[in-house]
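Below you'll find the structure, written out as structure tokens, and then a few comments.
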Amino acid sequence: MESKFQLSIALNYIHAEKLVNMVGGQLQMQLQLALPSGQVIREGTRVILPFTLTVSTSPPVLTMTVKGVAEVRFSDETSLEKLMKDLEKGIVPQPIFTAVFQHCYFEVLLFSRELGLPPPIPTPQPQQVKQTTSTGVM
């Protein structure tokens, strides 16, 4: 049975720098999430996990760092103890990791757009549909 938890994410540092003015073509982004990136703090029924997301591009056009904390609250002590043991082993539960990554990735997309960079996700191109006509005798 999976335990239920509440997750709050707060950003406390964002640095984005466009390294060159001319951008052409599609950029490849490399994202690395360190979770936890510092000391894990336990206060009552909550655990505070610091994180750092670093972004670089190929070719080198953008560098970005996003830092913050994820606060996880449990209603039962057993789930809290399991999380603490997992964290000691270097294991972050997938739902927590995914939520923090998605939150940060959204911020990366917003800042990339503000800096005038093409989206890191390829934009879908409309497909041309060939019209076929058939002539037949019935």
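Could you go through segment 73-93 and let me know if any residue there is in a strand (DSSP E or B) and out of contact with any Gly (no Cβ under 7 Å at 6 or more places or on another chain). Steps first, answer last, please.
Of segment 73-93, the ones in a strand (DSSP E or B) are 73-74.
Now restrict to residues that are out of contact with any Gly (no Cβ under 7 Å at 6 or more places or on another chain): 73-74.
Yes: segment 73-93 contains one or more residues that are in a strand (DSSP E or B) and out of contact with any Gly (no Cβ under 7 Å at 6 or more places or on another chain).
Of all residues in segment 4-33, those that are of a type outside the set (Lys, Arg), exposed (fewer than 13 other Cβ atoms within 10 Å of the Cβ) and over 12 Å from MET64 (Cβ atoms) total 11. Of all residue pairs spaced 6 or more apart or on separate chains, those with beta-carbon atoms under 9 Å, a first member in segment 100-127 that is within 21 Å of VAL20 (Cβ to Cβ) and at pLDDT below 90 and a second member that is acidic (Asp, Glu) and not in a helix (DSSP H, G or I) are LEU115/GLU17.
Kindly indicate whether LEU49 is closer than 21 Å to GLN94 by Cβ and either in contact (Cβ under 8 Å) with a residue 24 or more places away in the chain or part of a loop (DSSP other than H, G, I, E, B) (or both). Against the criterion (closer than 21 Å to GLN94 by Cβ and either in contact (Cβ under 8 Å) with a residue 24 or more places away in the chain or part of a loop (DSSP other than H, G, I, E, B) (or both)), LEU49 qualifies.
Within segment 84-93, is there a residue that is within 18 Å of the chain's Cα centre (by Cα), modelled with pLDDT of 90 or more and β-branched (Val, Ile, Thr)?
Initial filter on segment 84-93 (within 18 Å of the chain's Cα centre (by Cα)): 91-93.
Subsequent filtering for residues that are modelled with pLDDT of 90 or more retains 91-93.
Then keep just the ones that are β-branched (Val, Ile, Thr); that gives 91-92.
Among the residues of segment 84-93, at least one is within 18 Å of the chain's Cα centre (by Cα), modelled with pLDDT of 90 or more and β-branched (Val, Ile, Thr), which makes the answer yes.
Look at (1) surrounded by fewer than 16 Cβ atoms within 10 Å (Cβ to Cβ); (2) in contact with a strand residue (DSSP E or B) (Cβ under 6 Å, 6 or more places away or on another chain); (3) in a strand (DSSP E or B) and you find that ARG42 fails only one, number (2).
Conditions tested, residue by residue: (1) at pLDDT 90 or above; (2) closer than 26 Å to LYS82 by Cα.
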| residue | (1), (2) |
| --- | --- |
| SER3 | no, yes |
| LEU11 | yes, yes |
| ILE14 | yes, no |
| LYS18 | no, no |
| VAL23 | no, no |
| GLN26 | no, no |
| SER37 | yes, yes |
| ARG46 | yes, yes |
| LEU49 | yes, yes |
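In this structure, GLU17 qualifies as of a type in the set (Asp, Glu), more than 19 Å from GLN102 (Cβ to Cβ) and not in a loop (DSSP other than H, G, I, E, B).
The values are calculated or read from the model by the stated rules, or taken from the named source; none is laboratory data. Note that the structure is a prediction, hence the values are computed from the model and not measured. Note that each Cβ is placed from the backbone with ideal geometry, even for glycine, and that neighbours are counted across all protein chains shown.
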